[in-house]
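One structure is given here, and the rest of the page talks about it.
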There are 2 protein chains.
Amino acid sequence: PLAGLFEAIVSVTNQVMAVYEMGPWATSVELAMIESLGREIGFTPGTFAGLVTHGGSLANLTGLLAARNLKCPELWSQGPQAELEAIPVILVSSDAHYSVTRAAGILGIGADNIIKVPLDDRRRMNPAALEERILSCQAENKQIIAVVACACATPIGAFDPLNEIADLCEQHDLWLDVDAAHGGRACFSTQHRHLTAGLHRADSVVFDAHKMMFMPALSAFLFYKDKAHQFSAFQQQAAYLFDPSAPEIAEYDIGLRTVECTKRANSYALWGIWSLFGKSLFADLVDITFATARTFYEMLLQASDFEPVHEPQCNIVVFRYQSDWLNALPLEQQNLFHFKLRRQLIESGEFYIVHSVINEQAAFRITVMNPLTTEVHLNQLLNTIRHRAGALQQAFDEPPLVDHCEQT
Amino acid sequence: PLAGLFEAIVSVTNQVMAVYEMGPWATSVELAMIESLGREIGFTPGTFAGLVTHGGSLANLTGLLAARNLKCPELWSQGPQAELEAIPVILVSSDAHYSVTRAAGILGIGADNIIKVPLDDRRRMNPAALEERILSCQAENKQIIAVVACACATPIGAFDPLNEIADLCEQHDLWLDVDAAHGGRACFSTQHRHLTAGLHRADSVVFDAHKMMFMPALSAFLFYKDKAHQFSAFQQQAAYLFDPSAPEIAEYDIGLRTVECTKRANSYALWGIWSLFGKSLFADLVDITFATARTFYEMLLQASDFEPVHEPQCNIVVFRYQSDWLNALPLEQQNLFHFKLRRQLIESGEFYIVHSVINEQAAFRITVMNPLTTEVHLNQLLNTIRHRAGALQQAFDEPPLVDHCEQT
């Protein structure tokens with residue numbers, strides 16, 4: 001709610017951004033937050049740069065565009081006429097967010113040129129598999145635009161081993177983009193900082209303040225390890241916007257670096273809360289929500305009619321309902337049961353959870369975002385699911401379901 | 001300020017969008033506004049679709065992506081490996097916003113493949129010149145992805161002759177994208193509606209509520225004349241977001257249609273004001289600000305030390321300061337004088353105006369956005385410029401200026 005107050009200042013003053021002179025406060029606030037967050041990530045002061053954009057998907061798109069322009073600069077100007085020496089590809093964690101594949105489609109790299117790197121048994125990118133893919137791309141004369149790792153990936157909240165991945169990228173001179181939209185703020189917590197070890201070695205980092213820093217949406221940060229890359233993504237000018245009589249101001253003209261021209265001032269809330277409470281607030285939020293997720297995991301282990309799909313690394317937990325009756329059904333029916341149960345649950349208004357499909361099995365997925373969520377709420381959630389599962393079982397037993405459930 | 005109140009609801013409730021179930025109100029409000037605005041533009045109810053995105057640049061990018069996917073579908077999947085039958089090009093008004101050329105760079109069409117269509121003496125796209133370009137593209141076997149017209153273009157606020165352009169596009173089966181980000185709302189005014197005549201014939205229309213509908217930034221609408229095109233821009237799914245047990249909801253899952261995944265609910269303010277005051281408020285705002293710009297133009301005609309660069313079509317006026325002393329200087333010095341004068345003006349905090357370069361001449365540019373702006377304010381602006389110009393002249397007369405003013 002306090003963050004909402006700062007947000008109201010944004011809306012009422014409507015001091016938008018693109019050019020420094022249009023939004024000097026907005027620009028200053030944004031640059032101050034980039035400086036503070038970048039240091040927390042571990043970048044060296046004075047050497048990195050960043051920007052705020054409307055969401056993690058746009059931030060990923062912008063980071064990958066900067067990488068594309070560096071590795072295949074002729075695509076920007078010539079498009080499909082460009083004579084590329086090699087086919088551009090992007091190596092990504094198999095669990096990377098869908099916006100990465102989409103970015104390849106948008107950027108003319110080609111969604112088919114996304115190469116998915118296999119995961120280990122905890123759904124983290126497997127560095128040995130990554131090395132193998134890098135070597136085979138080199139053998140096949142493919143140009144690797146970037147390696148995209150996750151901290152953490154959204155399906156079960158797995159943090160990729162960033163230091164091992166960064167070693168490989170350095171060795172082969174590859175651009176490393178880390179999508180830390182959800183998990184980046186683990187760096188605030190002494191207890192959980194190890195999960196993001198190596199994050200500062202990435203060439204570009206996506207970090208959403210509106211996810212685990214509890215800010216109103218949207219406030220997505222994109223960092224460049226090397227500040228020289230901040231202008232790589234775009235190469236243009238609009239005469240009436242950018243003033244040649246004050247060229248030094250270009251450093252502050254955010255529009256030169258973002259997909260957007262006019263941009264909302266999206267860092268006031270973060271700046272306000274950061275100024276009032278300091279970073280320890282964010283450390284506490286990490287510790288509490290991660291601990292609550294752990295508690296939920298242990299509750300699931302103890303419950304005979306639920307199973308956790310994984311051991312949580314952060315505040316995301318994926319789990320399934322199970323009973324002898326359900327387990328005897330074909331997988332497709334089990335999945336349909338989970339989908340239908342979740343839809344009933346959210347339509348009832350009692351709880352809001354999402355679904356996920358892990359190893360072809362449909363499951364439920366929760367993300368503990370509210371530090372006030374307790375074991376009592378989590379117990380209520382399980383009891384509600386139990387209760388609705390019983391009712392839904394009867395519907396399954398009676399008329400056979402004819403719905404077709406498409407697997408995606 | 002009232003709009004700010006509705007915006008505060010957005011921030012405090014933080015009901016974001018991507019998937020219908022996450023933001024049912026936000027989605028409903030957005031769809032209601034799309035329906036209302038689309039009808040004002042002149043689309044036939046039931047046949048068009050739209051979305052709200054974070055700014056006109058993103059809206060242009062999305063519309064052109066939909067056109068690219070329709071004309072060269074293989075680029076999405078195969079990227080530079082795609083064997084295109086013809087080189088893709090985009091025909092644009094020479095005064096189109098810089099985001100269009102940028103979009104060509106981002107989308108892998110190639111910024112060099114932007115073909116600028118010459119303007120008439122009022123800086124409107126010249127349909128005869130457009131036809132010539134279309135024919136020569138056909139002769140050279142170039143694939144026209146889209147024709148981009150403006151309503152209005154930003155430099156002097158010129159409205160392209162949309163009906164004549166639409167005739168040509170229909171005749172040659174071309175995608176017409178109209179960037180009506182600034183001028184779209186002229187359609188609300190009986191007196192000025194003629195400027196946007198033909199807008200409803202465009203395949204995609206960009207329309208910013210945060211510009212001439214006076215909403216807090218950002219609230220940019222993208223319309224598709226044919227609702228079947230709304231899913232053309234993207235072709236993906238994320239299993240945990242989009243629920244196969246309720247496929248009919250995809251129509252409401254905005255994330256399937258935007259570059260962004262999570263999206264701020266950007267239409268509450270517009271919906272609130274529209275519901276309270278109706279569209280006549282917007283018609284009045286058009287009439288008043290356009291009339292004020294006209295008044296300013298007449299003041300400039302009467303002043304011996306100013307000249308308007310054009311006769312205004314809307315609320316944008318571009319003008320120059322002139323005196324015998326200044327006119328005797330080389331053009332580069334005249335331009336530098338204008339740039340320096342403007343910088344002094346905005347740094348003083350007295351007025352905020354922007355600069356523009358029209359036919360290589362630097363000029364001042366104002367956009368009348370506030371209906372409370374009167375002749376008194378405009379007179380103060382001219383007097384302040386006069387006063388500062390006198391002071392700056394002395395600086396010019398004394399030590400010769402060594403600054404280099406780069407022409408862009």
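Some points to look at:
- Efficiency of FRET between A:His387 and B:Leu70 - r from beta-carbon atoms, R0 41 angstrom, step 0.05: 0.25
- Exposure check, 1.4 Å probe, all protein chains in place: B:Trp274 carries approximately 40 Å² of accessible surface.
- Residues of the range A:283-325: accessible area per residue with a 1.4 Å probe, Å²: 37 Å²
- Residues B:Glu132 and B:Glu307, FRET efficiency given R0 of 22 Å [Cβ-Cβ distance, rounded to 0.05]: 0.10
- For the range A:275-284, putting each phi into the Karplus relation 6.51 cos²θ - 1.76 cosθ + 1.60 with θ = phi - 60° gives couplings of 5, 6, 10, x, 6, 4, 4, 6, 4, 4 Hz, in residue order, rounded to whole numbers and with x for Gly and Pro.
- Computed from label points 7 Å out along Cα-Cβ, the spacing between A:Ala291 and B:Ala139 is 7.7 nm.
- Here, P(r) means the percent of Cα pairs in each 5 Å bin from 0 to the largest distance; for the range B:281-397 it is 2, 11, 22, 24, 20, 11, 5, 2, 1, 0, 0.
- Distances from A:Ser348 to itself in the other copies, using label points 7 Å out along the Cα-Cβ axis, amount to 6.9 nm in increasing order.
- Across the range A:76-82, coupling constants 3J(HN,Hα) worked out from phi with the 6.51/-1.76/1.60 Karplus curve, θ = phi - 60°, read 4, 8, 9, x, x, 7, 4 Hz, and Gly and Pro carry x.
- Among residues other than A:Ala303 with Cβ under 12 Å from its Cβ, the summed charge is -1 (Lys and Arg +1, Asp and Glu -1).
- Note: relative contact order over the range A:281-397, using C-alpha pairs below 8 Å and six or more positions apart, is 26 percent.
- Violating pairs (Cα-Cα greater than 24 angstrom) within the set A:Lys227/B:Lys116; B:Lys225/B:Lys279; A:Lys116/A:Lys142; A:Lys71/A:Lys116; A:Lys71/B:Lys142: A:Lys227/B:Lys116; A:Lys71/B:Lys142
- For the rotational copy relationship between A and B, the axis lies nearest to a chain A beta carbon, identified with its distance in whole angstrom as A:Gly108, 1.
- Each other copy places its own label point for B:Arg386 at 8.5 nm from this one, sorted shortest first, where the point lies 7 Å along the Cα-to-beta carbon line.
- Here is the interface size for B with A: some 6700 Å² of accessible area buried, both sides summed, with a 1.4 Å probe.
- Placing a label point 7 Å from Cα along the Cα-to-Cβ axis, B:Asp226 is separated from the same position in the other copies by 4.6 nm, shortest listed first.
- For the range A:339-362, accessible area lost to neighbouring protein chains reaches 30 Å² or more, against the chain alone with a 1.4 Å probe, at A:Phe339, A:Arg343, A:Tyr352, A:His355.
- Ligands, DNA and RNA aside, A:Lys116 has an accessible area near 110 Å² when probed at 1.4 Å.
- Only protein heavy atoms count here; on that basis, with a 1.4 Å probe, B:Ile41 has an accessible area of about 10 Å².
The values are calculated or read from the model by the stated rules, or taken from the named source; none is laboratory data. In this text the structure is predicted, and so the values were computed from the model without any measurement. Please note: Cβ atoms are built from the backbone with ideal geometry, for glycine as well, and neighbour counts cover all protein chains shown. Ligands, DNA and RNA are stripped out before the accessible areas are found, and what is left, the full protein with its side chains, is counted by its heavy atoms. Shrake-Rupley method; radii C 1.70, N 1.55, O 1.52, S 1.80 Å.
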